[in-house]
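This report refers to the structure that appears directly beneath it.
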Amino acid sequence: MPTAIESALGEIRERLPLTEYLISKGFKLRQTGKNRMVALCPFHADKRRPNMVVYTDETRFHCYCCGARGDVVDMARNLDGHLNFTATLRALAASVGLSLHNDRPQTSEDRSGILTLVAKFYAEQLCPDVLAYLGRRGFPETFGRKWRVGYAPQQSPQLLRDFLRRHTVASEAALACGVLIEVGTRDGRLVRDFFGNSGGGYVVFPNTGRNGSIIDLQGRAFPDGTNKPKYLNLPKGRRHLFNEGILPRTSVVLTEGIPDALSCLLVEQPAVAVYGTSGFSDRFVNQFVRCRHIYVAFDLDAHHHSVEIAMQFGLRGRVVMLPESLGRNGDLNDFLIQRGAASFRGDLTQLLQTADTGYEAAIKDLPTDLQPYDLFESATPLLAALGAVDPISRDVHLQKLHVKYGIAMDALRDAASEALLMMPSTTLSGTWLGATGPRGN
């Protein structure tokens, strides 16, 4: 059964088609196919060549230059300058005569206030052993305290609960935030600390929002993850990128984990992080629309996922290749430890300067023994994506396919154009590797 929000979204999309909304804002739409129209993209200020495709059968848009995508709500949030999704939804609902009920028991201000208090409490629990651990990871004490890194002590399942009670924070509010949880016992329900329920012993990384308050917390097992999860994310968490308040920037590194982003930030390289390999979502893409370059720097064992994400940003996406000397699971924080902060700064700059586009990395990853007549079927989404970019960028990448497989450039151009006509927006905004076979476990 759809939620109230899902029902409202469906009603808004039905009453206010994306094409109708764009026309009301003065956009000129040109039909290029049965269910396809193009227009200048407002997210990166298109001037001459329309890069934004509107899929009328799906009521969605996708810009193949900056990567912006979404529906009428995403478009309205950008054009009308609404602060957040809720404000946009309410404005659109009012414009089509739809009434929305406010049934949210807790506001974002309530949540961030409690999380900020919790982060302060855990920061006060930092002990010499944890500070030494952070030092071994390359982070000086002053840097760790600047980022409000904290610690949830071992064998203290109700330490935070008792602290919040002393500060008159209602258990219901703390439970709604996820920092406390209810567990079943023989004597009934018991309220415990979220990070303490598994025995505690977690380094706590707060995520600071744009206004300086805490919007999320993640725990990393310390001293090790034996018999407990290595990482703990709050229930209903992972709705934000770590350090997303810095966006947009001209260039930013997108990392797999918080310590990797902190490694970049230590040497003054702007960075944000997802919460693990599966933490990136399509809803994050539009936050990067005004970034000139997005450098995806996931762990070495997540290279294919790095390519998939970089391609979602179009020509602005880059794939950072870490040195294989870091080992199969090597990451940016390992690189910082290996090289030291002074050398890491220069090495990171070099890696960013030599990073491939997502498309180029995808071409390199295609099997060298792939028969030319199998290329179209194996890489249709990749060819479609190249068919949507400007002619120079298209030919630069197609030239690499020409060199690799010996296929004539004219044939590759035709293939890219045909692939673009075949692919729906949902496929183009997802992954291309699924068409080339399984990825290895």
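The values are calculated or read from the model by the stated rules, or taken from the named source; none is laboratory data. Note that this is a predicted model, so its numbers are computed, not measured. Note: ideal-geometry Cβ built from the backbone for every residue, glycine included; neighbour counts use all protein chains shown. When the accessible area is computed, the model is the full protein with side chains, heavy atoms only, and any ligands, DNA or RNA have been set aside. Shrake-Rupley method; radii C 1.70, N 1.55, O 1.52, S 1.80 Å.
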- [ ] For segment 284-338, restrict the atom set to alpha-carbon positions and state the Rg and Dmax in Å.
- [x] 12.1, 34
Open item on the list: As I understand it, the value is the acute angle between the Cα axis of helix 303-312 and the longest principal axis of the Cα atoms of the chain; what does it come to in degrees, rounded to 10?
Closed with: 60
Task: In segment 1-90, trypsin sites (Lys or Arg not before Pro) in a DSSP loop with at most 15 other beta-carbon atoms within 10 Å - done: LYS25, LYS28, LYS34, LYS47, ARG48
Task: Evaluated over the chain, the Cα radius of gyration and Dmax, each in Å - done: 23.9, 75
Open item on the list: I'd like the orientation of helix 4-15 relative to the chain: the angle between its Cα long axis and the longest Cα principal axis, in ° from 0 to 90, rounded to 10.
Closed with: 20
Task: Convex hull of segment 84-217 built on C-alpha atoms - directionally averaged projected area, nm² - done: 10.8
Open item on the list: If you only keep lysine pairs separated by 8 or more in sequence, or across chains, how many in the chain come under 18 Å at the Cα atoms?
Closed with: 5
TODO: Using Cα centres only, tell me the gap between segment 261-337 and segment 183-248 in whole Å.
DONE: 22
Open item on the list: Check which residues have an amide H placed less than 5 Å from GLY209's amide H, if you skip close sequence neighbours.
Closed with: ILE214, ILE215
Open item on the list: For the chain, take the longest principal axis of its alpha carbons; what is the angle in degrees between that and the long axis of helix 108-123, to the nearest 10 within 0 to 90?
Closed with: 60
Task: Over the chain, relative contact order from alpha-carbon pairs under 8 Å, at least 6 apart, % - done: 11
Open item on the list: If you count only protein heavy atoms with a 1.4 Å probe, what accessible area per residue comes out for the chain, rounded to a whole Å²?
Closed with: 48
- [ ] Work out, in µm²/s and without decimals, the Stokes-Einstein translational diffusion coefficient of segment 306-399 at 37 °C, 0.692 mPa s, Rh from Kirkwood over C-alpha pairs.
- [x] 219
Task: Computed [θ] at 222 nm, helices only, for the chain once each DSSP H run of length n ≥ 4 contributes -39500 (n - 2.57) - done: -11500 deg cm²/dmol
Task: Rounded to the nearest 20 debye, dipole of segment 55-203 from Cβ charges on Lys, Arg, Asp, Glu - done: 500
- [ ] Could you tell me which of LEU386, THR368, PHE335 has its Cα farthest along the dipole of segment 334-424 towards the positive end, charges placed at Cβ (Lys, Arg +1; Asp, Glu -1), taken about the Cα centre?
- [x] PHE335
